[in-house]
Amino acid sequence: GWAADAVLADVAGAFGAPIAAAASTTGYETETCCEAGGLLAFKASGTDPDGLLSSWLDGTDPCGWTGVICHADGDFAGTVRMVQRYSSAGLTGDLGPLANLGFVQSLSLFSTGVSGDVVALSGLTHLETLHLGSTRVAGEIAALSGLTNLQWVHLGDTGVTGEIASLNGLTNLQ
């Protein structure tokens, strides 16, 4: 078996196709709704004693939420591009609801109490950067083998196990 703390790769180049949240003329209204719901469900699934998610409120635009970065134009305008909340051991939540972030490119929740199985992220095909080091995340590394846009992954100090060879098909990993 392989210990997840051995997986660390560099990001090559800038993010690809821009991604965003909440522009009503884009045709992604349903996706935006589901993404906001997924982020709110993630928040509701855990604790946030440091208030890192205090701006994540139902009925508000996710583009205004702390730690959620959006893009106003491009092919995926109206969807979440990046979620970044880290360095809070008290921040907990389950990865499952984040499966609704269909166009997310970067997910960074390192050094938190976030938990769940990485298989929940296996449908995030636009994901380029995944930083879940020092979390309670578990599962098999092979669950990420279909994320062909992945360029950088850090799963050190987690419960993720498996063989690094299962990621050999991810040719964008640097």
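The values are calculated or read from the model by the stated rules, or taken from the named source; none is laboratory data. As the structure is a prediction and not an experimental result, all values here were calculated from the model. Cβ coordinates were reconstructed from backbone atoms using ideal geometry, including for glycine residues, and neighbour counts include every protein chain displayed. Side chains included, ligands, DNA and RNA excluded: accessible areas come from the protein's heavy atoms. Shrake-Rupley method; radii C 1.70, N 1.55, O 1.52, S 1.80 Å.
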Q) Does at least one position in segment 11-19 carry a residue that is part of a loop (DSSP other than H, G, I, E, B), open to solvent by less than 60 Å² (accessible area, probe 1.4 Å) and either modelled with pLDDT of 95 or more or of a type in the set (A, V, I, L, M, F, W, C) (or both)? A) yes
Q.
Any residue at all in segment 116-124 that's closer than 24 Å to CYS63 by Cβ, at pLDDT 95 or above, of a type outside the set (Gly, Ala, Ser) and in contact with a Ser or Thr (Cβ under 9 Å, 6 or more places away or on another chain)?
A. no
Q.
Filter segment 130-153 down to the residues that are outside any loop (DSSP other than H, G, I, E, B), of a type outside the set (A, V, I, L, M, F, W, C) and more than 23 Å from THR47 (Cα to Cα) and list them by number.
A. GLU140
Q: Give the residues of segment 33-67 that are over 17 Å from LEU101 (Cα atoms) and touching a Ser or Thr at 6+ places or on another chain (Cβ under 6 Å), sorted by residue number.
A: GLY46, THR47, ASP50, LEU52, SER55
Q | Cβ pairs under 7 Å, 6+ apart, first in segment 157-169 and within 22 Å of ALA89 (Cβ to Cβ), second assigned to a helix (DSSP H, G or I) and at pLDDT 95 or above | A | VAL160/VAL118; VAL160/ILE141
Q: Count, please, the residues in segment 98-129 that happen to be open to solvent by 30 Å² or more (accessible area, probe 1.4 Å), in a helix (DSSP H, G or I) and in contact (Cβ under 8 Å) with a residue 60 or more places away in the chain.
A: 2
Q: Can you tell me which residue within segment 47-80, out of those that are modelled with pLDDT under 90, surrounded by 14 or more Cβ atoms within 10 Å (Cβ to Cβ) and charged (D, E, K, R), is farthest from SER108 (Cα to Cα)?
A: ASP75
Q.
Can you go through ALA89, ALA143 and tell me which one is without any contact (Cβ under 8 Å) to a residue 40 or more places away in the chain and open to solvent by 30 Å² or more (accessible area, probe 1.4 Å)?
A. ALA89
Q | Matching entry among ASP73, ASP94 (being in contact with a strand residue (DSSP E or B) (Cβ under 8 Å, 6 or more places away or on another chain) and not hydroxyl-bearing (Ser, Thr, Tyr)) | A | ASP94
